[in-house]
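Please read the structure below before turning to the comments.
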Amino acid sequence: MEITVNGEKYDVRRGISLFEYISESGYDMARTAVELNKNIVPKSGYKNCILSEYDMLEVVTFVGGG
Amino acid sequence: MKDSEDKDKIQKNNSLNEIPTYNEIYASLCKRHTKAVQDRISSGRVAVVGLGGLGSVIATALARAGVGHLHLIDFDRVDLSNLNRQQYRLCDIGKYKTEALLEILEEINPYLDIKIDSIKIDKCNIKYIFENDNIVCEAFDDAVSKALFVDGFFTYYKSGVLISSSGMAGLGSGNDIITRKINDRFYICGDGKNGLESGQQLFAPHVGICACHQANMVLRLLTGMTGA
């Protein structure tokens, strides 16, 4: 099914959880924040968050410095 | 704009070792910003978490603008190595950053309401520490801490705006640093890419550009502008 991540369309399997998507896509989970359909998803909810078709994700990966 | 009358008055006051009054500083800010804008800035309630290269610059910019309520949080002490980009002075080395910065800001505008917390944000205190702040500027220097903070903020607060930061290392073009709006409650400033992980260092002007992007977004929000 199609989802949009950071403005790009991707095809993912139905039933995939946000946790699985982030892990399998190679993001460093400890340095990411995810917005799903305009809401930031708490990390504690990633495993129970099953993605739906046409979901819009923004995945932010932080880098160090400040 | 007539600055000369103000200058005379303040010089007269200084020669008597008096600082300008609340009304004098407020009037001076209103003259610069217009009263309508200043009243909105003065009512702002802004927290700055992390008082290093980003946070000390953000806090100073907001104090100069006259943001009425500042909440400054950092557990660390000033070190000589901080002075390459942070607002501290040689005389501040060894002091808590919160206390040193408070001293500096009070010499800019002693009439601001500035609360300091010399603590580390953790899973417990994050639940309540921002209850009186409408805008929070995340100014940590570590990527994992930044992500954890974003997670905690949106878990425990259902209102308020977070202005975060990522990517300001090196001496790439200043034009690469942007403000990005993720949603109405979440903005990120930086270039998103250049971090300490790449082996690049932190320089005052470049980090300052990111800090001022954050401070600029604060003032935009306070004056009713929500776009990046």
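Tabulated data
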quantity: The range B:15-57: Rg to Rh, with Rh as the Kirkwood radius over Cα pairs; calculated: 1.13
quantity: Residue pairs, from the table A:K43/B:K146; A:K47/B:K120; B:K127/B:K158, whose Cα atoms sit over 19 Å apart; calculated: A:K47/B:K120
quantity: Area accessible to solvent at B:C91, 1.4 Å probe radius, in Å²; calculated: 80 Å²
quantity: Heavy atoms of B:D141: accessible area, 1.4 Å probe, square angstrom to 10; calculated: 90 Å²
quantity: Percent accessible area from carbon and sulfur atoms, the range A:2-61, protein chains only, probe 1.4 Å; calculated: 48 percent
quantity: Test item: B:111-122 mean partner chain Cβ contacts at 10 Å; calculated: 0
quantity: Number of partner chain Cβ atoms within 10 Å, mean per residue of A:36-48; calculated: 3
quantity: √(5λ) per eigenvalue of the Cα gyration tensor, the range B:167-228, largest first, Å; calculated: 23, 12, 8
quantity: B:V161 long-range amide H proximity, modeled H, under 5 Å; calculated: B:I135, B:V136
quantity: Exercise: per-residue mean of other protein chain Cβ atoms within 10 Å, B:144-154; calculated: 6
quantity: Cα-Cα pairs of chain B separated by more than 33 Å (percent); calculated: 16 percent
quantity: Positive dipole terminus of the protein assembly as shown, leading residue within B:G52, B:Y111, A:S52 (C-beta point charges); calculated: B:Y111
quantity: Whole-number D in µm²/s for the range B:87-142 (Stokes-Einstein; Kirkwood sum over Cα pairs; 25 °C, 0.890 mPa s); calculated: 185 µm²/s
quantity: In Å², nearest 10: area of B:R77 left accessible to a 1.4 Å probe; calculated: 110 Å²
quantity: Local net charge near B:E131, Cβ-Cβ under 15 Å (Lys/Arg +1, Asp/Glu -1); calculated: +2
quantity: Positions from the range B:187-223 whose accessible area shrinks by 40 Å² or more when the full protein complex is built, not the chain alone, probe 1.4 Å; calculated: B:E197
quantity: Distance histogram in 10 Å bins (all Cα pairs of the protein assembly as shown, percent per bin); calculated: 6, 26, 32, 21, 9, 3, 1, 0
quantity: Simple Cβ-charge dipole of the range B:4-222, Lys/Arg +1 and Asp/Glu -1, about Cα centre, in debye nearest 20; calculated: 520 debye
quantity: Contact order normalised by residue count of chain B, Cα under 8 Å, 6+ apart, percent; calculated: 19 percent
quantity: Chains A and B, summed buried accessible surface - 1.4 Å probe, Å², nearest 100; calculated: 1900 Å²
quantity: Per residue, in Å², the accessible surface of the range B:4-222 once ligands and nucleic acids are set aside, probe 1.4 Å; calculated: 47 Å²
quantity: Semi-axis lengths, Å, chain A, gyration tensor of Cα atoms, sqrt of 5 times eigenvalues; calculated: 19, 13, 11
quantity: Protein accessible area in chain B, 1.4 Å probe - carbon and sulfur %; calculated: 52 percent
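The values are calculated or read from the model by the stated rules, or taken from the named source; none is laboratory data. None of these values were measured; they are calculated from a predicted model. When we count neighbours, we look across all protein chains shown, and the Cβ atoms used for this are built from the backbone with ideal geometry, even at glycine. Accessible surface is based on the protein model in full, side chains and every heavy atom, while ligands, DNA and RNA are left aside. Shrake-Rupley method; radii C 1.70, N 1.55, O 1.52, S 1.80 Å.
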